[in-house]
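Student: Starting off with a structure, shown below.
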Amino acid sequence: MEKIRLSKLMSEQGICSRREADRFIELGWVFVDGERISELGTKIFPTQKITLNKAAQAQQTSLVTILLNKPVGYVSGQPEPGYQPAVVLIKPENLLSPKQPGKRFQPAHLKNLAPAGRLDIDSQGLLVLTQDGRIAKQLIGEDSNIEKEYLVRVEGVLPPAKLALLNHGLSLDGQALKPAQVSWQNQNQLRFILHEGKKRQIRRMCELVNLKVTGLKRVRIGKVRLGNLPEGQWRYLEEGERF
């Protein structure tokens, strides 16, 4: 059995992100089999027990995850010329329930807050922004298999054979897409359930079967639904809520 870098193993075990692991190690907040580890690059066996001290645990508990109903016209991440990033909507007056138990808006909640997954500028719906590397890894890590559900308004004709292609058989950028679940929601709206998130994936899939997308809304990520969250408003991920 080979030894593995401690920060890598902490990430793989879902304890924290690799960046957080390195910081915790530098602070002396990480223990392996009860022994404090403070040297970056330390390698251990996968069978050894990793624990965090109370300071690290408290810091993790204080990390926030935010659910935003992103309107069309905002970019998910880095700002583009003429457009604002969705994070500018995270302000007290847009909070759905200011009295959410255990959560009161603080400017510190904006620090290192990053989108966990993209939602392009022409799309709306559920966008997750988080300070927590564990949640980011769960949603967008290489091994992530979290379902994302979308309602997509389309124009054009979709024969059964092409609907079957949307479910499985298309490729983008030279790579076969994972099987999807695509069905008619009503006469001009499709429901897509994907297990991946390539750039503008749904729009490009529809182009391949001669459909034009006229509206796209993400309504669910894993077990978390957009629900009745109004457009442009946000709320905290509640304690006990899991993706």
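Student: If I ask for residues that are without any contact (Cβ under 8 Å) to a residue 12 or more places away in the chain and under 25 Å from His109 (Cβ atoms), which ones from region 23-47 would you list?
Tutor: Arg23 - this is the single residue of region 23-47 that is without any contact (Cβ under 8 Å) to a residue 12 or more places away in the chain and under 25 Å from His109 (Cβ atoms).
Student: Here's another thing I want to ask about it. Taking only region 39-71 into account, find how many residues are over 16 Å from Cys16 (Cβ atoms) and polar (S, T, N, Q).
Tutor: Counting residues in region 39-71 that are over 16 Å from Cys16 (Cβ atoms) and polar (S, T, N, Q) gives 3.
Student: Residue by residue through region 105-123, note down the ones that are under 17 Å from Gln201 (Cα atoms), surrounded by 14 or more Cβ atoms within 10 Å (Cβ to Cβ) and modelled with pLDDT of 90 or more.
Tutor: Scanning region 105-123 gives Ala116, Leu119, Asp120, Ile121, Ser123.
Student: Tell me, yes or no, whether region 31-45 has at least one residue that is of a type outside the set (Val, Ile, Thr), within 24 Å of Ser144 (Cα to Cα), out of contact with any Gly (no Cβ under 9 Å at 6 or more places or on another chain) and surrounded by fewer than 16 Cβ atoms within 10 Å (Cβ to Cβ).
Tutor: Looking through region 31-45, none of the residues is of a type outside the set (Val, Ile, Thr), within 24 Å of Ser144 (Cα to Cα), out of contact with any Gly (no Cβ under 9 Å at 6 or more places or on another chain) and surrounded by fewer than 16 Cβ atoms within 10 Å (Cβ to Cβ).
Student: Let me ask something additional. Considering only residues that are of a type outside the set (Asp, Glu) and crowded, with 19+ Cβ neighbours inside 10 Å, look in region 139-150 and name the one that is farthest from the chain's Cα centre (by Cα).
Tutor: Tyr150
The values are calculated or read from the model by the stated rules, or taken from the named source; none is laboratory data. None of the values given here were measured: they were computed from a predicted structure. Methodologically, a virtual Cβ is constructed for each residue, glycine included, from the backbone with ideal geometry; neighbour enumeration extends over all protein chains shown.
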